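Derivation of every value follows stated rules applied to the coordinates shown; laboratory data play no part. These numbers were taken from a predicted model, which means no experiment stands behind them. As a convention, Cβ positions derive from the backbone with ideal geometry for all residues, glycine included, and neighbour counts pool all protein chains shown.
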Amino acid sequence: MNEELRQRKSWLDGFMAYALPEGVSEGEVRQNIGILDQRLYALWRLGENLIYAWTPTQHGLSILLAPHPLLIEFVRSAPTEVESTRRADFLSKLLARQEHLSAEEFDRVSAELQLAPLHVALPYAPGVGLGLPLVAAIVERYGIRLVDDRAVILLDAVGFSLLTPLEQVVQLNSLSCSVNAAYAKLLDREININFARTTTGDGFYIWNRMRGMAANVELYQLMQFILADNALARERAVRKLAVPQLRACFHVGSHYEFHQSEGLNPTSFSYLVGQVTIELARMIDRALPGQILLGKFKTQMRDGETQVEVNSQDFVERTRAPLQKLNGLALGGSEIDEIACYLTGRRDEDGEFGINEYEIHDKHGRPYRVYNAKINIHRRDGEPIYLGLREDDLGAFKASTVSGPGMSALPL
C-alpha cells in the first residue's frame, strides 16, 4: 500500500476521492479548490447564508444564496395548506439534488424562491478546473442536502453509562482505534472509503461521504472489519473494561446533511439529522450486546450509471461478491479464507434456512422492522471470528417475529 495514504490529511484531502479532471495535476486541483472555497466562504457569512442551488457558467458559478430561515419561511408563508404541501415537496426535491441544475432549471428555481442569482467568478471553467462532481461536493459545505440513499452505521458501547469517566475515555479511544484499523485494512485492498463519523457520546455514527451502491457496500465492509478488530482486541485485552463490547446497527434512510460552523469555518466533516438517525437510535435501544441489526429499507441507489431499487435483503446479497476480494487479507496475524455475511432465520421443514423479519417498538409504541445479521470470518491459520448473534441467542431480544421470504447462508 502507498504509505502516503497513511499520512494525516488536510481538509483538502477529503475531496481527493473524486476523479481528477483530465490534464489537470493534483496540485492545480488543490489550488482551484482553495479559490472556489474562498469565494463561497465570503458569501457564507459564518453560517448566516446557505447555497440553495447552483449552475456552472463559462467562468464560474451562478448560485442562489439566502439566509437559512428561508427553509422554513418558504413553506410556512404559503397561503393555503395545499400550496404549503407543494412548496415542501418542491424544496425536498431541490435539496435532494446531488448535482448542479441546468440553466433552465436554475432560472425556474430562482423565480420560485424569488431569489436573484449571484455570480461567483473563477479563473477557470468549473468542469475543466475541478470537474462538476467535485464542485458539487465543495458547494455542499455551504448548504443543506436531503439524502435518501446513503447507508449509516451506529456503533454503541454496551454499559457505557455505568463506567467511570476515565474508563469511558479509554473505551471510546479503543473504538476509535478499531475504526482506524478497519479503514487501514480496506486501504490495503485499495478500497479508499471516504468515511465520516460523529460521536453519540457512547459510540459513533459512521457513513460514507460518497453515495451509491458501491459506497454503501464499502461501508458494510468497514463495519465488518471494525467489529472484527474490536472482537480481537477484546480477546487480547488483559482488562476487559479497556475494550468496549459493541452492538451495531446498519440502515439506509433519509436524512439531512449539513456542515456546522467551527470557529470561522464550516467543518470539514458533515453532520446527519433525520429519519435514518432516529430509526438507528430506536434500533440500538433494542439491540442485545454483541448483536448486529439491519434496518428494513427499500430505496433507489445509483449502481454505476443506472438507478436500481434495492431492499435490505437485496443489499446483503450484493455485499457477498465484493467480500471475495478481501480473501487473503491478514486479520489478527492470519489470512482470511472467507467472509460470510447473512441475515438469520429458522430452519424450515425442508432443512433450509429462511430469513426472519422482526418488529421492534419504541417507548411511544411506534414500530420499526429489522433483521438480525451475522458475519463469520474464517481465517487460514486462526480461529474463526463470529460476529453477531445466532437465532438461538435471541431469547432476550424484545421483538416480535414477522415471517418473511428469502434464503440466507447457512449459519454456523
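Quick notes on this one:
- Segment 67-224: C-alpha pair distances exceeding 29 Å, %: 42
- Positive contributions from Lys and Arg (+1) and negative ones from Asp and Glu (-1), summed over other residues with Cβ under 10 Å from the Cβ of residue 363, come out at 0.
- Virtual paramagnetic centre 7 Å along Cα→Cβ of residue 275, amide N under 20 Å, in segment 128-161: 144-154
- Binning the C-alpha pair distances of segment 3-144 at 10 Å intervals from 0 yields a P(r) profile of 11, 39, 31, 14, 5, 1 %, listed from the shortest bin outward.
- Taking all C-alpha pairs of the chain, those more than 34 Å from each other amount to 36 percent.
- Nearest-ten-degree value, helix 103-113 long axis tilted from longest Cα axis of the chain: 90
- Rounded if a/c under 1.5, otherwise prolate or oblate - segment 173-233, Cα gyration tensor axes: oblate
- Efficiency of FRET between residue 24 and residue 45 - r from beta-carbon atoms, R0 35 angstrom, step 0.05: 0.70
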